[in-house]
Every structure is written in C-alpha cells, then in structure tokens.
1. How large is log10 I(q)/I(0) at q = 0.11, 0.16, 0.22, 0.25 Å⁻¹ when the Debye formula is applied to the Cα atoms of the range 33-97, each weighted equally and without solvent?
2. Enumerate lysine pairs in the chain that are 8 or more residues apart or on different chains, then count those whose Cα atoms are under 24 Å apart.
3. What percentages, rounded to whole numbers, describe P(r) for the range 48-134 computed over all alpha carbon pairs with 5 Å bin width beginning at zero?
4. If contacts are Cα pairs under 8 angstrom and at least 6 residues apart, what is the relative contact order of the chain in percent?
5. What value in Å³ per residue do you get for the convex hull of the alpha-carbon atoms in the chain?
6. Would you calculate the separation in nanometres between label points at Leu14 and Thr137, each defined as 7 Å from the Cα along the Cα-to-beta-carbon direction?
7. Among Ser26, Ser113, Ser81, which one shows the highest mean-square fluctuation when the chain is modelled as a Gaussian network with alpha-carbon springs under 10 Å?
8. Measuring with a 1.4 Å probe in the full set of protein chains, what accessible area per residue, in whole Å², belongs to the range 1-103?
Amino acid sequence: MGSNRKSGFTLIELIVVVAIISTIMSIVVALVGDAKAKARDTKRRADLNQIQVALELHRNEYGTFNVIGGGAGGTGIGYVSYENGNSYPAAVTRILYNEGYLAQPIIEDPLQSPGYMINICNNGQAYALSATLEFPTALDISGLQTSCNGSGAAGAYSLYGKNVARKND
C-alpha cells in the first residue's frame, strides 16, 4: 500500500528558517549602518581639512586666523557655516569663500546643522576646528581636549559634544 504522508516543511522547520534569515538580515543592516556612519565621518574629516587649508591661506594674507565678519557676532568664532544676519552676520566659510580660499560658501556636517565649530586663541595665532564624529577614537578626543577651548565648562567637548579637532599647533 502507498503512503498517505505528504512531503513538505513542518512548522518548526519554517520557524527556524525565518529566525536564521532574520538574524542574517539584522547583521547586514547593522553593517550597512556602520558603513554609512564611517562614510559621514570621512566626509567630516575632509571638510575640516578643507577649512583648515583655507584658514592657513587666510593667515598668510592677514596675519591671523581670526576671520573678521564671520561667526558669532562677526568675531570669527563659533559655528563655521552658520549665518542668520543677526548674531551670526555671515558664515566663516562664506568669508573664506569670498576671499577665494574655499570652493563653496557653506561646508556643513552631513547630519547636523550647524555642526562644525571654530575657536581662536593666542591672539589669533591658534585655532581649533571641531566636529562630532560617530566613531571617534581616543586620539580624536584627546586631541580636541588639548586644543583651543577644547575642554572645560564652555569647551567644544564638554558643552557642545564635539569629539575631534583640527588645529595648527
């Protein structure tokens, strides 16, 4: 006599397969998310380097890193690419662009705006450009903490959450 048994998957087998696929998908999604965050960090580092070169050119011409007319109150400090016509009359990057040192007037963090910050110290002879990386290293954080206004109650690290800096010293 023939068997009445039908071939197919049991409910348990289907549940196991779905669980395995779900686990694999969650790993893939996490890896893609990390890759995107690392790409944004690469852009942040490149942006800071681009602004840093512009600041060095500005200093060569004017003898100071202080970009007068840009930033908070036109003092050249604060958010680098923020402008509202009042407390931030023009972006520091816009002035550097107008001077021919940058290829675009606004250079901003890929996720937060305003994002990048600049602090000037030592009578305009030192600066720190700072950003918030998604995957900072201990070296990034320690480098910021030893830069112009990197730490302390009003520092870029403690008050604004910045964790990397480009500086001239």
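The values are calculated or read from the model by the stated rules, or taken from the named source; none is laboratory data. The shown structure was predicted, so the numbers you read here are calculated from the model rather than taken from an experiment. Counting neighbours? That spans all protein chains shown, and the Cβs are built from the backbone with ideal geometry, glycine included. For the accessible areas, the whole protein counts, side chains as well, though only heavy atoms, and no ligand, DNA or RNA atoms are used. Shrake-Rupley method; radii C 1.70, N 1.55, O 1.52, S 1.80 Å.
1. Log10 I(q)/I(0), no solvent term: -0.30, -0.57, -0.84, -0.96.
2. Numbers: Lys36/Lys162; Lys38/Lys162; Lys38/Lys167; Lys43/Lys162; Lys43/Lys167.
Counting lysine pairs in the chain gives 5.
3. Answer for the range 48-134: a P(r) of 3, 17, 29, 29, 16, 5, 1 percent.
4. Numbers: 269 pairs, mean separation 27.5, N = 169.
Relative contact order, the chain: 16 percent.
5. On the way: hull volume 28.4 nm³, N = 169.
Convex hull volume per residue, Cα atoms: 168 Å³.
6. Placing both labels 7 Å beyond Cα along the Cβ direction yields 5.1 nm.
7. Between Ser26, Ser113, Ser81, it is Ser26 that shows the largest mean-square fluctuation.
8. Details: 6670 Å² over 103 residues.
Normalised by residue count, the accessible surface of the range 1-103 is 65 Å².
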